[in-house]
Amino acid sequence: MTSVSPPRSVSQSSRSTDLRLFRILLPYAKRHIRLLLIALLLLIPLALAGAMQPIIIGQAVALAKQEPVMGFLQGRSLVEGAQLLIWLLVLTLVVQLALSGVQGYLIQKVGQRITADIRNDLFYHVTSLATRFFDRTPVGRLITRLTSDVDALGDVFSTGAIGVIGDLLTMLVITVVMFSLQWQLALLLLVLLLPVTGLIIYFQQQYRAANYRSREELSTLNSTLQENIVGINVVQLFRRERFNSELFRQINLRYIKEVDRTIFFDSAVSATLEWIALAAIAGVLWLGSLLVQGEALEFGLLTSFILFAQRLFDPLRQFAERFTAIQAGLTALERVSDILSEPIEIRDPERVGDGEVRGTGEVERQNRLADGWKDGKGYSQAVPQASRTTPSEIQFEQVWFGYKPDEFVLRDLNFTIRPGEKVALVGPTGAGKSSIIRLLCRLYEVSRGQILLDGQDIRDMPQAELRRRMAVILQDGFLFAGDVKSNITLGEPYTLEQVRQAAGQTNVAQFIERLPQGYDTELRQRGTNLSGGEKQLLAFARAAIRNPNILVLDEATANLDVRTESVIQEALEKLLQGRTAIIIAHRLSTIRSVDRILVLKQGQLVESGRHEELLEQNGLYASLYRLQMLES
């Protein structure tokens, strides 16, 4: 069961934390500054229109009771004055209806664009992180960050921050107007605002902490759901449905408990505001009636202040609701910023001058998006290199590596694979064979030592170029949702003729042409409408079309039946010609013809030589080979 990390204390350095989070959002807001400014400017006439309405209604009452009225009504009859006030009231309502619709549309539009920008950047950042990050992070947690957390961020702009600015502006305008009309009643309402403001701040802090915990529980819930769906075969085969359902129920109960806490604090704010608003109206009636009796206040002005009391607490009520959305958004932003601040462990080297590299520093985001350099001597991902056939030399020099610090799975590894040489990696489970492949592809960084490709440290090479020079065929070929052709090209602009040529080269063209729509046949997610062997055949075509310098086979024929394997073996012989090859195979009978076999044990190279030479040495390889012969 995934444990939930404790929520961050909202009270400690909350203000600095919120400022830091808003600074993260500012660059996204600047991208849409024009729309934001228009939306903000529209708040001014909206606030003025809202503040004018109580005055207009109060003047209507004063006119009816024949009390002193404002200058524009003096000298007018009751009917003329009433008509003028009605037209003014209609005008303010039209302004509110028209501008509030436009302003709301603009704010929603900005919020959705910012949400999309953050989601794009977050997705790019996540896919740029090293494999080590995914080893320790459940997929469900990442999905929660990319979906519900990012959606909550959009509310910060669309219904939160800009709405709060509008509410504050409305309250400011109403307060100024009230003090200009009658300072005693205005002061009374202002004093009542102070305790409710303190209560709102307290409840919102509690809401923030509860919301953080609820989102952590939601991440755990999604992780459990994703794990059970992906492993549904094991769940059903071992009758784990009831047991896993009980685990899910417990996590769901924890999630509901935390959500209930957020609902409680949110409701507490609304209830507090309702009582304070009623108290404000009662206070205005009490003090206003005393002033009316003392002839210090007209009845029409008292009517205006009763409406002001309602209008003053309406934006405060909306302010509290929007503040809740802001707090939820800031909680989500904390979680998103944790991912965005996750360092990209494996980076391309920096460019200095004309293509000269300087270490392994950070490259500008635009260069990373281009996925490689593009200059007179360089390349671009958009242009597949079909003519690169020169085999490469691979050197491991004093390489140490561990998935955890000080727990090394490779120890002081030294070997050289000459250009065009076919080398097999052999050893017991856990000897480090797959780790060597991951380091060569730079999915992980070496802890010590260096790996050289044609004499150049792979850390001084752009990742796109490094991986373009090699093709890796794994035991479990992964397929994306889409057609057969796109699963071979993987987004690169190869023509259909090139795809057909690669399929023919690997002897998989017949299988593809037997599919219902041939190369346009749609594949379901993970290629579930193909057999394991058919998926593996597409992986061979995917490698062949890239014409790599280095070919890596990690148990690549394990999922093929005898007939299919014999077909692909012929294609492999063609594919291996003129290339450096690394082959991992547990069936030792399939690697007799390689140029050299490297035997690994506990992360160290213990034997090296051809098949016959290793049998004569009567060491680890010989014992493994005899054991397999006995089993067969």
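Points to keep in mind about this one:
- Of all the listed residues (Gly518, Gly533), the sole one being in contact (Cβ under 8 Å) with a residue 12 or more places away in the chain, closer than 16 Å to Ile568 by Cβ and surrounded by fewer than 20 Cβ atoms within 10 Å (Cβ to Cβ) is Gly533.
- Residues being surrounded by 14 or more Cβ atoms within 10 Å (Cβ to Cβ) and under 21 Å from Lys485 (Cα atoms) are entirely absent from region 621-631.
- Residue match in region 589-609 (condition: within 15 Å of Leu474 (Cβ to Cβ) and at pLDDT 85 or above): no
- Condition broken by Thr495, with the remaining ones in (1) within 27 Å of Val126 (Cβ to Cβ); (2) surrounded by fewer than 17 Cβ atoms within 10 Å (Cβ to Cβ); (3) hydroxyl-bearing (Ser, Thr, Tyr) satisfied: (1)
- Residue within region 372-383 that is at pLDDT below 80, aromatic (Phe, Trp, Tyr) and part of a loop (DSSP other than H, G, I, E, B) present: yes
- Selection count, region 53-67, where residues are touching a residue at least 12 places away in the same chain (Cβ under 8 Å) and either β-branched (Val, Ile, Thr) or not in a helix (DSSP H, G or I) (or both): 6
- Remark: Leu287 matches the filter, which requires a residue to be crowded, with 17+ Cβ neighbours inside 10 Å, over 18 Å from Ile326 (Cα atoms) and not acidic (Asp, Glu).
- Counting only helices (runs of 4 or more DSSP H) that fall entirely inside region 107-224 and contain at least 2 residues that are in the same structural domain as Ile38 (by TED's automatic domain parsing), modelled with pLDDT under 80 and within 17 Å of the chain's Cα centre (by Cα), the qualifying elements are 139-144, 150-155.
- None of Glu274, Glu246, Glu227 is out of contact with any Asp or Glu (no Cβ under 8 Å at 6 or more places or on another chain) and closer than 30 Å to Phe313 by Cβ except Glu274.
- The listed residue being at pLDDT 80 or above, more than 25 Å from Ser566 (Cβ to Cβ) and in contact with a strand residue (DSSP E or B) (Cβ under 7 Å, 6 or more places away or on another chain), out of Gly482, Gly491: Gly482
- Residue check for Ala581: within 44 Å of the chain's Cα centre (by Cα) and at pLDDT 90 or above: yes
Conditions (1) in the same structural domain as Leu181 (by TED's automatic domain parsing); (2) assigned to a helix (DSSP H, G or I); (3) modelled with pLDDT under 80, marked per residue:
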site: Ser3; (1), (2), (3): no, no, yes
site: Leu19; (1), (2), (3): no, yes, yes
site: Tyr28; (1), (2), (3): yes, yes, no
site: Leu37; (1), (2), (3): yes, yes, no
site: Leu43; (1), (2), (3): yes, yes, no
site: Leu48; (1), (2), (3): yes, yes, no
site: Ala51; (1), (2), (3): yes, yes, no
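- Residue within region 511-525 that is in a loop (DSSP other than H, G, I, E, B) and within 21 Å of His611 (Cβ to Cβ) present: no
- Residue match in region 292-310 (condition: at pLDDT below 80, crowded, with 21+ Cβ neighbours inside 10 Å, within 30 Å of Val259 (Cβ to Cβ) and assigned by TED's automatic domain parsing to the domain that holds Val191): no
- Scoring Glu345 on the criteria (1) among the acidic types (Asp, Glu); (2) modelled with pLDDT of 50 or more; (3) under 27 Å from the mean Cα position of the chain (by Cα); (4) under 26 Å from Arg579 (Cα atoms) leaves a single failure, condition (4).
The values are calculated or read from the model by the stated rules, or taken from the named source; none is laboratory data. Note that this is a predicted model, so its numbers are computed, not measured. Every residue, glycine among them, receives a Cβ derived from its backbone with ideal geometry; neighbour counts consider all protein chains shown.
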